[in-house]
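Please read the structure below before turning to the comments.
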Amino acid sequence: MRMRRKHNLDERLEAVSDLIIERTIDDLNMKTSVDKKDYIDFKEVFGNNNPVQLEIGCGKGRFISSLAKSSPNVNFIAIEMLSNVIVEACERAKKEELKNVRFMILRAECLQSYFPPHSVSRIYINFPTPLPQKGYEKQRLTNKKFLDIYKDILAKGGEIYHKTDNMGMFEYSICELSQNGFALKNVTLDLHHCGCKDNIMTEHEHKYTEMDMPIYKLEAYLAESAK
């Protein structure tokens, strides 16, 4: 089902435009646009040289705003495919007067066009659509196609944090990461009962926790041989 366009969307986006990094490459063909580069100048955007972290698929922004608030010496960029979705995340950050978070309306396939090589210290992939249907594997955010993109933009020592409520997706992610040069650490099959005290929840995670559903999490980093 198609999402209904939010009321006054254009006006709402304009009101938070200072938090949105505009994409400048007009080519909407993902196969050809990746060859075009217009790298973000993080120092110009944030006014400092703090490390940059990225959330892929920020939803309504609960996670990224809480994270930015808890880590004022880190800069955050959150991407989402739809302006209809990202506007609420921007409004949340604006209301909370967060200075260290920006947003982009962007597909993950296009990250290399805007993020300089080895510029991101951590990538968060929270509750991505599992896409279990046959033939959709290459669209999963932990597929090799995307892992190759992450390898390019991750800084030395960079990490991927991945959470999901879907065991099939989690098993798939473990296999893909392990087979494509990543090592794993802090893997848990029940995040909220493993003693982790610094976990920041997303909207989905809060709902699943109320339903007493287990949350799976892993942290991955590039093994020496893959750097």
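For Cys196, the solvent-accessible surface computed with a 1.4 Å probe is close to 50 Å², ligands and nucleic acids excluded.
Other residues with beta-carbon under 14 Å from the beta-carbon of Asn75 carry, at +1 per Lys or Arg and -1 per Asp or Glu, a net charge of +2.
Candidates Asn73, Leu141, Cys90 compared by Cα position along the dipole of the chain: farthest toward the positive end lies Leu141, with charges placed on Cβ.
Shape of region 30-83 from its Cα gyration tensor (a ≥ b ≥ c, root eigenvalues): rounded if a/c is under 1.5, otherwise prolate when a/b > b/c, or oblate? Spell out each step's value before the answer.
Details: a/c = 3.09, a/b = 1.29, b/c = 2.40.
Here region 30-83 falls in the oblate category.
Taking Asn199, Asn166, Asn50 in turn, the Gaussian network model of the chain (Cα-Cα springs below 10 Å) assigns the largest fluctuation to Asn199.
Between beta-carbons, use under 14 Å as the cut-off and find the net charge around Ile149, counting Lys and Arg +1, Asp and Glu -1. It works out to a net charge of +3.
For every other residue with a beta carbon closer than 11 angstrom to the beta carbon of Ile105, add +1 if it is Lys or Arg and -1 if Asp or Glu, then tell me the sum.
Details: positive: Arg23, Arg107; negative: Glu22, Glu80.
Net of charged neighbours comes to 0.
Modelled spin-label separation between His206 and Asp148, with each label point placed 7 Å from Cα along the Cα-to-Cβ direction: 3.9 nm.
Relative to the Cα centre, what is the charge dipole magnitude of region 113-171, using +1 at the beta carbon of each Lys and Arg, -1 at the beta carbon of each Asp and Glu, and rounding to the nearest 20 debye? Please report the intermediate quantities before stating the final value.
Numbers: 9 positive and 6 negative charges, 23 e Å.
Taking the Cα centre of region 113-171 as origin, the dipole is about 120 debye.
Against the criterion of solvent-accessible heavy-atom surface with a 1.4 angstrom probe, Arg4, Arg62 sort, most first, into Arg4, Arg62. In terms of the Cα gyration tensor, with a ≥ b ≥ c the square roots of its eigenvalues, is region 90-152 rounded because a/c is under 1.5, prolate because a/b exceeds b/c, or oblate? The shape class here is oblate.
Heavy-atom accessible surface of Asp41, to the nearest 10 Å², is about 80 Å², with a 1.4 Å probe and all protein chains retained. Evaluate the distance, in nm, between pseudo-label points positioned 7 Å from the Cα of Lys95 and of Thr24 along their respective Cα→Cβ axes. Rounded to a tenth, the inter-label distance reads 3.3 nm. Charging the Cβ of each Asp and Glu at -1 and of each Lys and Arg at +1, and nothing else, the dipole of the chain about its Cα centre rounds to 180 debye.
Report the antiparallel proportion of the DSSP beta bridges in the chain as a percent, rounded to a multiple of 5. Before the final figure, lay out each step's value.
Details: 11 of 32 bridges.
Around 35 percent of the beta bridges assigned by DSSP in the chain are antiparallel ones.
Looking at the square roots a ≥ b ≥ c of the eigenvalues of the Cα gyration tensor of the chain, which shape do they give, rounded for a/c under 1.5, prolate if a/b is larger than b/c, or oblate? Verdict is rounded for the chain.
Hey, any idea what % of the chain's accessible area is carbon plus sulfur with a 1.4 Å probe? Please report the intermediate quantities before stating the final value.
Details: 6100 of 12240 Å².
That share works out to 50 percent.
Computed with every protein chain present, the accessible area of Lys60 is close to 100 Å² [probe 1.4 Å]. Taking the chain as a Gaussian network, Cα atoms linked when under 10 Å apart, which of Gln179, Gln53, Gln133 shows the biggest mean-square fluctuation? Of the options given, Gln133 has the highest mean-square fluctuation.
Counting other C-beta atoms within 10 Å, and keeping those with at most 14, which DSSP coil GluC sites (Glu not before Pro) do you find in region 69-103? Could the numbers behind the result be given before it?
Working: sites: Glu80, Glu88, Glu91, Glu96, Glu97; in loops: Glu96, Glu97.
The qualifying sites are Glu96, Glu97.
For the residues Leu141, Leu131, Leu98, a GNM of the chain with alpha-carbon springs under 10 Å puts the largest fluctuation on Leu131. Among the listed pairs Lys37/Lys95; Lys60/Lys163; Lys31/Lys185, which have their C-alpha atoms separated by more than 22 angstrom in this model? Beyond 22 Å: Lys37/Lys95; Lys31/Lys185. For the chain, the solvent-accessible area of protein heavy atoms averages 54 Å² per residue (probe radius 1.4 Å; ligands and nucleic acids excluded).
The values are calculated or read from the model by the stated rules, or taken from the named source; none is laboratory data. Here the structure is a predicted model, which is why all the values come from computation and not from measurement. Glycine gets a Cβ as well: all are built from the backbone with ideal geometry, and neighbour counts include every protein chain shown. With ligands, DNA and RNA removed, areas are computed over all heavy atoms of the protein, side chains included. Shrake-Rupley method; radii C 1.70, N 1.55, O 1.52, S 1.80 Å.
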